Amino acid sequence: MPPRDCYFGGTFDPVHAGHLAIARAALASGEVARVVFLPALAPPHKGGRSLRPFAERLYLLHLACAADPRLVVSTLEAELPAPSYTARTLELLVSRGAAPPILLLMGADTLLDLPHWYHPERVVALARILAAPRPGVAIETLRAAVAPLLPGDAFDRHVRLLEMAPVACSATEIRRLLAHGLDPGALLPEVVRAALVPKPPLDTG
Ligand code: ATP
C-alpha cells in the first residue's frame, strides 16, 4: 500500500518533543506520508483537570508543525460533540471518504487503555494502529492489556510497534516545570519553548 495519512490524536497540552519524535518515527516507517495531528476539543481521559484552551493548544501545534509539510494539524475533533471519542472521529473520516483501515498513531500507554475506550470494537474495525514505545510500558504488558479486544494474532494484524528508542517526555512534567517557573528546555520544540517560557529581562546595567 502506498504511504498515506496517519492520524495522531491527543490532548497536546502542550505539544512536546515526544510527540514530534513519534510522528517522525511514523514518517520513517514507510507507511506514512503525512501525520495529521488531531487535538481533542475535550479529551475523555484527562480526569477533569483544566486544560489550556483548544485555540492555544492548536496555535502551539501549528508552531511545532510549521517547519515540516508532512506534519499537519486538523480541527476535525472540534466539529464533533464533546467528549472527543476516537470511534466517532474515525466514523467522520470514513463519511468524508477515508478508506478503512485508517492509520492511527499513539503511544503504548494510550494503547494499553484501548479496551476501555468508547466502542473500542468500532476503533479496531476501522483502524490499524502504529504504536510508539513509552518508558514504563513493556510489550508483554501491552499485549496482555489489549488481549480482551485483540487476542493472539489479532494484535499483530492490528498493531505495528514503531522502531524507535522510547522518549522520556510527558506534558504532565512540562506543565509542572512551567508552573514552577522552570524551563523545560529540549523537552519542548524550540518554537514552542520560545512561546511558553518567559524571556529573562534584559540586563541594561
Ligand atoms: P499528559 O502527560 O498530559 O498525560 P502526554 O504527554 O501523554 O500528556 P498527550 O497529548 O496526552 O501527551 O498524548 C498524545 C499521544 O501521544 C498519546 O497517544 C500518548 O501516548 C502519546 N505520547 C505522548 N508522549 C509520548 C512519549 N514520550 N512517547 C510515546 N508516546 C507519547
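Scanning the stretch 37-52 for residues that are aliphatic (A, V, I, L, M) and more than 12 Å from the ligand (Cβ to nearest atom) yields 41, 42. If you go through the stretch 10-23 and keep only what is surrounded by 23 or more Cβ atoms within 10 Å (Cβ to Cβ), near the ligand (Cβ under 8 Å from one of its atoms) and outside any helix (DSSP H, G or I), you end up with 12, 13, 15, 16.
Scan the stretch 25-41 for residues that are without any contact (Cβ under 8 Å) to a residue 60 or more places away in the chain and closer than 24 Å to residue 185 by Cα and the total you get is 2. The residue of the stretch 24-36 that is nearest to the ligand (Cβ to nearest atom), among those that are over 19 Å from residue 123 (Cβ atoms) and in a loop (DSSP other than H, G, I, E, B), is 29. In a residue-by-residue description of the stretch 153-161, the property of being within 23 Å of residue 44 (Cβ to Cβ) and either within 14 Å of the ligand (Cβ to nearest atom) or crowded, with 18+ Cβ neighbours inside 10 Å (or both) applies to at least one position. Going by what's in this entry, would residue 167 be described as more than 13 Å from the ligand (Cβ to nearest atom), under 19 Å from the mean Cα position of the chain (by Cα) and touching a residue at least 60 places away in the same chain (Cβ under 8 Å)? So residue 167 does not fit the description; no.
Each reported figure results from applying straightforward, stated rules to the coordinates on display, with no laboratory input. Remember, predicted model here, so these are calculated numbers, not experimental data. Here Cβ is always computed from backbone atoms with ideal geometry, including for glycine, and neighbour counts include all displayed protein chains.
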